[in-house]
Amino acid sequence: MKTLNVAETPPVGTAAIHGAVLDEVLTTFPYNSASQFHEYFGSGPAPRGYGGSCAWQSFEAGRLVAERAGAEAEYWIDGRHVAAVYRDAGGMTLLDPYLLHCPPLRLERADAVDGEVRLAVDAYPFRIREDGSVAPSRVRVCWVPEDDSVRLDHLRFSPRRGHNVISRSFTLRRERQLTEVPPPAEWVRPQLLHPEQHSVSVRVVHPATRELAEIILPLAGRPTGVVSDTESMITKNNQGAVARHGARAFHRDSEVVADAVGSPRQDVVDFLLEAAALHLAAAPAGLETAAYSLEDE
């Protein structure tokens, strides 16, 4: 895999390309934890509009940057999480669409203070506080150039709690990289059956409204041999409010997802149901997954 030599500087215009690619992936290649079940346990890859898992979102960003700028990414990993990283003499740029950051994460070596480069940027979702003011999510980054470790935190406003909460945290290290993209099937399949995989879901940033919507099918507690049921499905809207199947809000949220994906709502629902059935068929005996929280955020 070709990488940018750290002695070089990024090509002119690369920063703009990074920004355009990130926005394109966020709005046209959604996070979809069901897609790789279809690809690796089912009938094959999903249509592009259905998106892919967090790793595949980063792979898609890397593919588009390579096409448009000629720069190849390094893919740094933390467990099952993958980000596209571009190093140069002045620092590094990260594209991590799963974390929903709005601008690319540009870290300048010259900005180091006490051995650390820190950055915080806006991210989706942009929520509304009780007083009507806008509460953007944030991605915080801490890069330690000495050991090339990068800590990433995604914080979002919780309407239920009235303050920001950390929703995701990862630590990337230069020595932990994928050497083949996409990885071989024998690496991917065990990741899909990891106990952390407690749901299959499609999460979109709608290209017109820039609001988040998600359809989720929890996997925990399903009786062996029972095909997943639509009654177990929930949705979340931009505020993180949960709606159960059959509720008016569920229909509204799922239509937002379907519109962003570009497919009928029932097709998206069936896609998740089929992925859950594939998970059930492939999961090892005794696999326990954590319960999915049904509380409003």
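Values quoted throughout were computed directly from the atomic coordinates according to the rules given, and no laboratory measurement underlies them. As the structure is a prediction and not an experimental result, all values here were calculated from the model. Cβ coordinates were reconstructed from backbone atoms using ideal geometry, including for glycine residues, and neighbour counts include every protein chain displayed.
Numbers below:
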quantity: Mean shadow area of segment 185-282 over all directions, Cα convex hull, nm²; calculated: 6.9 nm²
quantity: Label-zone membership for segment 19-47, site Arg68, 7 angstrom Cα→C-beta point, backbone N under 15 Å; calculated: 19-29
quantity: Calculated Cα extents along the principal axes in Å (choose from [x] 56, 51, 33; [y] 62, 42, 39; [z] 46, 45, 44), label; calculated: [x]
quantity: Burial ranking of peptide ranges 89-95, 260-266 (average Cβ count within 10 Å, highest at the top); calculated: 89-95, 260-266
quantity: Projected label distance in nm at Arg118 and Glu24, using a 7 Å step from Cα toward the beta-carbon; calculated: 3.5 nm
quantity: Point-charge dipole on Cβ atoms (K/R +1, D/E -1) for the chain, about Cα centre, debye to 20; calculated: 380 debye
quantity: For segment 184-201, 3J(HN,Hα) per residue [Karplus equation, 6.51 cos²θ - 1.76 cosθ + 1.60, θ = phi - 60°, Hz, x = Gly/Pro]; calculated: x, 4, 5, 8, 6, 4, x, 5, 5, 9, 5, x, 5, 7, 9, 6, 10, 7
quantity: Contour minus Cα-Cα distance for Glu295 and Glu130 (0.36 nm per residue); calculated: 57.6 nm
quantity: Selected from Arg176, Arg127, Arg87 as most flexible by GNM, with the chain as the system and alpha-carbon contacts under 10 Å; calculated: Arg176
quantity: Over the chain: helical MRE at 222 nm, DSSP H runs n ≥ 4 each giving -39500 (n - 2.57), nearest 500; calculated: -8500 deg cm²/dmol
quantity: Low-density loop positions, GluC sites (Glu not before Pro), segment 161-257 - DSSP coil, at most 12 other Cβ in 10 Å; calculated: Glu175, Glu180, Glu196
